[in-house]
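S.K.: The structure follows.
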Amino acid sequence: MKTLVFLSMVIAPLTLMGQTIQVSLFDNANSRAYTVSVQQGRYLLVCNGEKYGEYKKGSIFYVSQRGDMVEIRDKNSLIGVFPEVSVMHHDKQCVLTVKGINPETLSQLYDDALVFKVADNKLRAINHIDLEKYIAGVIEAEGGIDAPLEYYKAQAVLVRTYTIKNIYKHAEEGFNLCDQVHCQAYKGKSMRNPQIYEATRYTAGQVLVDTDQVLAMAPFHSSCGGQTSQAGIYWQSDLPYLRPVNDPFCLSLRNANWEQRIPLSEWKLFLSASGVTKPENYLNYQSAGREQFFINGKQKLTFRQIREKFGLKSSYFSIEQQGGEIVFKGKGFGHGIGMCQLGAMEMARVGYTYIDILHFYFHPVELRDYREMELHRY
Ligand SMILES: [Zn+2]
Ligand SMILES: [Zn+2]
C-alpha cells in the first residue's frame, strides 16, 4: 500500500538532527545495481515524494538502473521505476548495509539515509548523513583505529575543516563529496573505536582558520620523517601556515626511514625520457632537507615527479648508486604537508592536547566554530 506524504514531512527529522552532508558511495566503481539491507532502526522508502512503507531490520532492497531511472524491488515484488528513490532514516540510530553489484564492491555499513538517482548514465548511491557521523567515518578510514583521544580530536578538526571548505566540490554532480581519496576516504560507519565519536563530539563545529578568518587548507599525511614540507614544494603555491616544521615525534616510528632500489638502467632511461641530457651526472644526491627540484635550471625535474614515477613513499630522499642499482634512501610516508599523523599520535601519547598538536603543525592558525561563520554556511 502506498501513502502520499509531503516530502518535507519526511525530511524534517533529518534537519532536526543537525547538519547533513551528501556523499557519493563507491564513487569509482560505477556499479549498475545495489543491494541494501536495514541493519538497525526504522526506514521509510520514499519514491518521488510518495511513501512506500516502513522497513525494519532484515528488510532488503534491490536497486538497479533502468535507462535514466531507478528500479527498486523489495523481498516480495517490484516496487516501481522512479527518477529518484530515497531510503530515509526514521530514527537517530539507523544503519544500512550497502553493496554494489556489477561490478561488485565490498559490503559496508552506513549511518542514516541513502538516495539513488541516475546522472550521466551512472547510478549513484548518495549517503545523506549527519556531518559529525561522516567525520567519524573518515577518521576511521584515514586516521587509524588504535590511537590516543587527543590525536583523534586533532584529526576531527582537520577532517571537518576539509569537509566544510570543499562542501561544493561535487555540487555540479548533485552531491557534496565523493568517498574516494579524491575528496576524503570514507568507508562507512565508524565502529572500531568509541574514542573517535568522543573526539568528534568534543570538537563539534571546530575548524581551523587562517589569520584572515578564512578556512585553512588542512592536509595531513602518515609520517613526515622528521621535517614537514613547505606547501609550495609539493603543491603549486605556498601558504603562510604550511611551512616546514622540524618534528622529533615521529623519528623512531615506522617509515621514518626507508629504502627502495631500482636498476641503474631504469633510472638512466627515466632521466633521458624526462629530457635530461647527461643522466650520468645524476647518480648520487645527498639530501639536506626537503626540496622541490632535483634538477633546476634549463632542465627541470621535481622530487614529486620522481616519487610518482617509482612509487616511492615520499619525496624526501637521497640517491646513491650501488653497482648496477640506484638506491633511494628516504624519510617519511606521504606528501609531508600539514599534520604528521604518527608524530601527532606520539605527541598525544606523551600528553600534548589536540590544540597543542594543531598549532605545532599549522602556524599561525586559529580554531573557530564554523556554525558561527556566516560566509561558510552551506
Ligand atoms: Zn571527490
Ligand atoms: Zn613527523
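The values are calculated or read from the model by the stated rules, or taken from the named source; none is laboratory data. Owing to the predicted nature of the structure, the values given are computational and were not obtained by experimental measurement. No Cβ is skipped: glycine too gets one built from the backbone with ideal geometry, and neighbour counts run over all protein chains shown.
S.K.: Quick test for you: out of Ala199, Ala204, pick the one residue that is out of contact with any Ser or Thr (no Cβ under 8 Å at 6 or more places or on another chain), outside any loop (DSSP other than H, G, I, E, B) and of a type in the set (A, V, I, L, M).
M.R.: After applying the criteria, what remains is Ala199.
S.K.: Could you please tell me which pairs satisfy a Cβ distance under 7 Å, a separation of 6+ or placement on different chains, a first residue in region 152-166 that is closer than 20 Å to Ala348 by Cα and modelled with pLDDT of 95 or more, and a second residue that is assigned to a helix (DSSP H, G or I) and of a type in the set (Phe, Trp, Tyr)?
M.R.: Within 7 Å, the pairs are Lys153/Tyr202; Lys153/Tyr354; Ala154/Tyr354; Val157/Tyr354.
S.K.: Return a yes/no flag: does region 211-233 have any residue that is within 16 Å of ligand 1 (Cβ to nearest atom) and closer than 23 Å to Asn127 by Cβ.
M.R.: Within region 211-233 (the criterion being within 16 Å of ligand 1 (Cβ to nearest atom) and closer than 23 Å to Asn127 by Cβ), the answer is yes, since at least one residue qualifies.
S.K.: Here is a follow-up. Asn281 passes all but one of (1) more than 29 Å from Leu215 (Cβ to Cβ); (2) surrounded by fewer than 18 Cβ atoms within 10 Å (Cβ to Cβ); (3) in contact with a strand residue (DSSP E or B) (Cβ under 6 Å, 6 or more places away or on another chain); which number fails?
M.R.: The number of the failed condition is (3).
S.K.: Could you identify the single residue in Ala147, Ala141 that is within 29 Å of Ala216 (Cα to Cα), assigned by TED's automatic domain parsing to the domain that holds Val46 and more than 16 Å from ligand 1 (Cβ to nearest atom)?
M.R.: Just one listed residue meets the conditions, Ala147.
S.K.: Exactly one of (1) farther than 30 Å from Ala156 by Cβ; (2) of a type outside the set (S, T, N, Q); (3) surrounded by fewer than 14 Cβ atoms within 10 Å (Cβ to Cβ); (4) free of Cβ contacts under 8 Å to residues at least 12 places away in the same chain is unmet by Gly275. Its number?
M.R.: Among (1) farther than 30 Å from Ala156 by Cβ; (2) of a type outside the set (S, T, N, Q); (3) surrounded by fewer than 14 Cβ atoms within 10 Å (Cβ to Cβ); (4) free of Cβ contacts under 8 Å to residues at least 12 places away in the same chain, the lone unmet condition for Gly275 is (4).
S.K.: Answer yes if at least one residue in region 210-220 is assigned to a loop (DSSP other than H, G, I, E, B), surrounded by 15 or more Cβ atoms within 10 Å (Cβ to Cβ) and within 14 Å of ligand 2 (Cβ to nearest atom), and no otherwise.
M.R.: Yes: one or more hits.
S.K.: Ok, one more. Return the residues of region 21-59 that are under 26 Å from the mean Cα position of the chain (by Cα), among the polar types (S, T, N, Q) and at pLDDT 95 or above; say none if nothing qualifies.
M.R.: Gln22, Ser24, Ser31, Thr35, Ser37, Gln39, Gln40
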